[in-house]
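**Student:** Before I ask anything, let me first share the structure, which is written out below as structure tokens.
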Amino acid sequence: SKLLASLHLKKMFYLYKFPIVIFRLYQVYGPKQDLNRFLPVVISSCLKNKKFPCTEGSQLRDFIYIDDVVNAIVNSLNNKDIHGKDFNIGSGLPLEIKSITKLINKNIGSGKPLFGKIKMRKDEIKELFPNISKAKKKLAWRPKVKFAAGISKTINYYRNERY
């Protein structure tokens, strides 16, 4: 459905000059994220000092803090030169899922990830991260929030939130 929506919007741009910009967002995280996503599940489990099953954790993923996404959007608002174009918005730096889980666990100081308890899906994509060079050049944008700082802010939010 995302692909069809993008194709439709591009058609609207080419036929009617409808001003569109398409962002492909990679693993946006931060405060108030839906609790059924990877990072909030790990954070919640650690805060509750639970044992929780995980895959072996060898997958590489790109995580981008919400403030950096907002900055990319703001940078695009008055830039007519980018109408009709699409951009990958991510950190551009792949992180291993196991390392992220361990970082969260260490930061919180409780919880017990059980690596290897969930089998990898046969169709699991092992490496998923974007090339963000086009966004850097055309949007005059680059991510500023390092993962360690962003995850610390996110943990503090959930630590203070009653869920």
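**Student:** As a test of the formula, what do you get for the chain when each DSSP H run with n ≥ 4 contributes -39,500 (n - 2.57) and the sum is divided by the residue count, at 222 nm and rounded to the nearest 500 deg cm²/dmol?
**Tutor:** -13000 deg cm²/dmol
**Student:** In addition: How charged is the neighbourhood of Lys102? Take every other residue with its Cβ under 12 Å from the Cβ of Lys102, and add Lys/Arg as +1 and Asp/Glu as -1.
**Tutor:** +2
**Student:** Shifting gears a bit: Which percentage, to the nearest 5, of the DSSP beta bridges contained in the chain is antiparallel?
**Tutor:** Approximately 15 percent, going by the DSSP bridge assignments.
**Student:** Quick check: the angle from helix 97-108's long axis to the longest principal axis of the chain, C-alpha only, nearest 10 degrees?
**Tutor:** Approximately 60 degrees, to the nearest ten.
**Student:** Run down the lysines and flag those whose C-alpha is under 17 Å from the C-alpha of Lys137, throwing out any fewer than 8 positions away in its chain.
**Tutor:** Lys80, Lys85
**Student:** Now, a different point. Taking a ≥ b ≥ c as the square roots of the Cα gyration tensor eigenvalues, with a/c under 1.5 meaning rounded and otherwise prolate when a/b beats b/c, else oblate, which class fits region 68-163?
**Tutor:** oblate
**Student:** Can you work out the accessible area per residue across region 1-103, with the rest of the protein chains kept in place, probe 1.4 Å, in square angstrom?
**Tutor:** With all protein chains present, region 1-103 gives 58 Å² per residue.
**Student:** If you don't mind, another one. Assuming a ≥ b ≥ c are the square roots of the Cα gyration tensor eigenvalues, decide whether region 20-67 counts as rounded (a/c under 1.5), prolate (otherwise, with a/b larger than b/c) or oblate.
**Tutor:** Details: a/c = 3.32, a/b = 1.71, b/c = 1.95.
Oblate.
**Student:** Between the alpha-carbon centers of region 112-139 and region 66-101, tell me the distance in whole angstrom.
**Tutor:** First find each Cα centre; the distance between them is then 15 Å.
**Student:** Report, in degrees rounded to the nearest 10, the 0 to 90 angle that the Cα long axis of helix 38-47 makes with the longest principal axis of the chain.
**Tutor:** 30 degrees
**Student:** Which FRET efficiency value, to the nearest 0.05, do you get for Val70 and Leu114 by plugging their Cβ-Cβ distance into 1/(1 + (r/R0)^6) with R0 = 35 Å?
**Tutor:** Plugging the Cβ-Cβ distance into 1/(1 + (r/R0)^6) gives 0.50.
**Student:** Counting only protein heavy atoms and a 1.4 Å probe, tell me what percentage of region 26-153's accessible area is made up of carbon and sulfur.
**Tutor:** Taking all protein chains in place, region 26-153 shows 51 percent carbon and sulfur surface.
The values are calculated or read from the model by the stated rules, or taken from the named source; none is laboratory data. Quantities reported herein were computed from a predicted structural model and do not represent experimental measurements. When we count neighbours, we look across all protein chains shown, and the Cβ atoms used for this are built from the backbone with ideal geometry, even at glycine. The area values use the complete protein model at the heavy-atom level, side chains included, leaving out ligands, DNA and RNA. Shrake-Rupley method; radii C 1.70, N 1.55, O 1.52, S 1.80 Å.
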